Every structure is written in structure tokens, then in C-alpha cells.
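This report concerns only the one structure given below.
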Amino acid sequence: MFLNLIATAGNDRIRDFLVNDWYRSLKENVDLSKTDVLVINYGLTGLPKEVINFPAVERSGLINNTRFINLAIFLENHPEYDQILFCDGGDIIFQSDISHLFEEHRDAFRAVVEQLSPPIDLVVKEEDLVNGKEIKSFLSNKKLFNVGVIIAPREGFLELARTMERRLKNINVWGGDTVIGNYVIYKNPHVELPSKYNFIPSTAREKFYVKDSKFYLENGELIPIVHNAGRYRFLRPVKDFGYGPGKNRVNKFNIWMFRMLFSVSNFLKMK
């Protein structure tokens, strides 16, 4: 019998959020009866006993990049997992069940396309990649999948890790996971998920609101996965982000700023 796997990675810097917000929201809202939870550990302490605690093997490089290599190492030794959801652990909460996604489009990558994203030229430099010109040319006119939440069969993640090792010269570069992730996704069968399965307040075009610390679409639907994305904490669209009462204050200025920045960048690229 094959099992599903929900996996993340992190260091002790995000430990409190990962345990009290990411994992708590996952445990309380997602059907885990056929799914195990894996944490790739880069120095985390005090993890819940229920999760699989897998010490990172490859530690030389940015976690955003090496996490895919470490996931592949785990999967190579655990063939019982067939469908995997791999996601960020420091800026994501689950608000409703998403387990049905494991049963849909099982042979394809599944992820959310960013409705507003920076041009590929701003994400990573050609010299950080092997055959960088070819990769960036391939992606130049494509919308980017957000790699903060990816669902795929085990072979998809194994291929992603192999490509990361072959094509990413600089394992420390920010954005390497986005470029390599999108390159592999577009080279394989893939399905665009509705934005509610990786809802980023700063770039999503759908209107939303927060009530009692929970995120809803304009029609009143509870958003299944909310992603407070942003490289730096002070630039993220939601302050006091997390799961539970007394949290989640929307920073409208940051949202406006991100949308303007990405819109201007894409406009200048077309000139």
C-alpha cells in the first residue's frame, strides 16, 4: 500500500512557527489518515513526536535549494511514498482539508501559478546556472509556478533534485529553487491548481478578507492554504501571521508595493 507524504524543511529559526502554526494547522484541518508528515531537519529541536524527523544530509547551500536534494535522499530510501506535497514550513498555514489533491492528476506536477510575478531575468543570473541562457530562454514567456507548495509523484521530485544538482552552479543563490523548479515542471506533465491552494495575499488577484484571524475569499470560502510569501519578514503582506486567534493583520501598503514593483518590472521587460 502506497502512502502520501506532506514534507517541509527548516532550521531552528522557524521552529516556533513550524510547530505552533504550520504543523498545528495541518494536524487540525487536513485528513492525515493516509498521509505521513516529514520535517527535513536543519538543526530544529523539540519537534512533535508524530512527525518523521529526518536530519538533513546535504547542508552545504541555501535551504531553499538543498531541501529538494534532501527530500530525494529520503524518498530513495522510502519507496512506500507515492504522492508528495512539499511546502515551505515558515510562512504557510492550512485552513481546510486538501487531502483530495493527492487523488487528482497523480502523474503530474500540481502547483499554483503566480498571477503576478517578477520577470525571470530578475530571479537568478545566467552564470549561476549550467546552460543558463537556455533555461532562462525556455522560461522567459511563461508564468512562474510558486514552488512554496508543490504536489507531485515521487519520480517528479527525484527528477527535480537531479536537475538541481546538475544545473544549479551556485547552490547558495536565492531563486534557484524557483528557476529549476519551474524548468522541471514545464518539461513534465503539469496542472495549474486554483490559487486558493497556495494563496499569496501580495500577488493573488482574487479579493480576500480576514475575519477572526482566518482568511476568506470574497465569496466567503475559507482559503485552504495561505502563504505569507516574502524574502524578508518586514516586507511580507501579513503581520503577526499564523494560526489561531489574535493573528493576521493585513499590511495593505506592502501588498500595493509588491504589485507595483512586479507590474513595473514586467512592463519594462516588454519595452
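The values are calculated or read from the model by the stated rules, or taken from the named source; none is laboratory data. Keep in mind it's a predicted model, so treat the numbers as computed, not measured. Cβ placement follows ideal geometry from the backbone for every residue including glycine, while neighbour counts extend to all protein chains displayed. Calculation scope for accessible area: heavy atoms of the full protein, side chains included, ligands and nucleic acids excluded. Shrake-Rupley method; radii C 1.70, N 1.55, O 1.52, S 1.80 Å.
Applying the selection to the range 80-119, what residues are surrounded by fewer than 20 Cβ atoms within 10 Å (Cβ to Cβ) and basic (Lys, Arg)? Hit for the range 80-119 is Arg106, nothing else.
Strands (runs of 3 or more DSSP E) wholly in the range 18-97 with at least 3 residues that are under 19 Å from Met164 (Cβ atoms) and in the same structural domain as Met164 (by the TED database) - which ones?
Output list reads 81-87.
Summed over the range 184-211, the residues that are open to solvent by 20 Å² or more (accessible area, probe 1.4 Å), part of a helix (DSSP H, G or I) and either in contact with a Ser or Thr (Cβ under 7 Å, 6 or more places away or on another chain) or within 16 Å of Leu85 (Cα to Cα) (or both) give a count of 2.
Residues in the range 157-179 that are open to solvent by less than 10 Å² (accessible area, probe 1.4 Å) and free of Cβ contacts under 8 Å to residues at least 60 places away in the same chain: Thr163, Gly175, Val179. Selection of the range 216-271 for residues being at pLDDT below 95, part of a strand (DSSP E or B) and under 22 Å from Cys87 (Cβ atoms) yields Val238, Lys239, Val250. Just to be sure, is Val124 among the β-branched types (Val, Ile, Thr), surrounded by 13 or more Cβ atoms within 10 Å (Cβ to Cβ) and at pLDDT below 95? The answer is yes for Val124. The set of residues in the range 146-193 that are of a type in the set (Gly, Ala, Ser) and on the phi < 0 side of the Ramachandran plot comprises Gly148, Ala152, Gly156, Ala161, Gly176, Gly181.
Taking every residue in the range 185-201 that is in contact (Cβ under 8 Å) with a residue 60 or more places away in the chain and among the acidic types (Asp, Glu) and pairing it with any residue that is assigned to a loop (DSSP other than H, G, I, E, B) and surrounded by fewer than 18 Cβ atoms within 10 Å (Cβ to Cβ), at least 6 positions away or on another chain, the pairs with Cβ-Cβ distances below 9 Å are Glu192/Lys143.
When the range 13-48 is limited to residues that are small (Gly, Ala, Ser) and closer than 16 Å to Gly90 by Cα, the one that is least open to solvent (accessible area, probe 1.4 Å) turns out to be Ser25. Going residue by residue through the range 144-155, is there one that turns out to be in a loop (DSSP other than H, G, I, E, B) and either in contact with a Pro (Cβ under 6 Å, 6 or more places away or on another chain) or surrounded by 14 or more Cβ atoms within 10 Å (Cβ to Cβ) (or both)? Looking through the range 144-155, at least one residue is in a loop (DSSP other than H, G, I, E, B) and either in contact with a Pro (Cβ under 6 Å, 6 or more places away or on another chain) or surrounded by 14 or more Cβ atoms within 10 Å (Cβ to Cβ) (or both).
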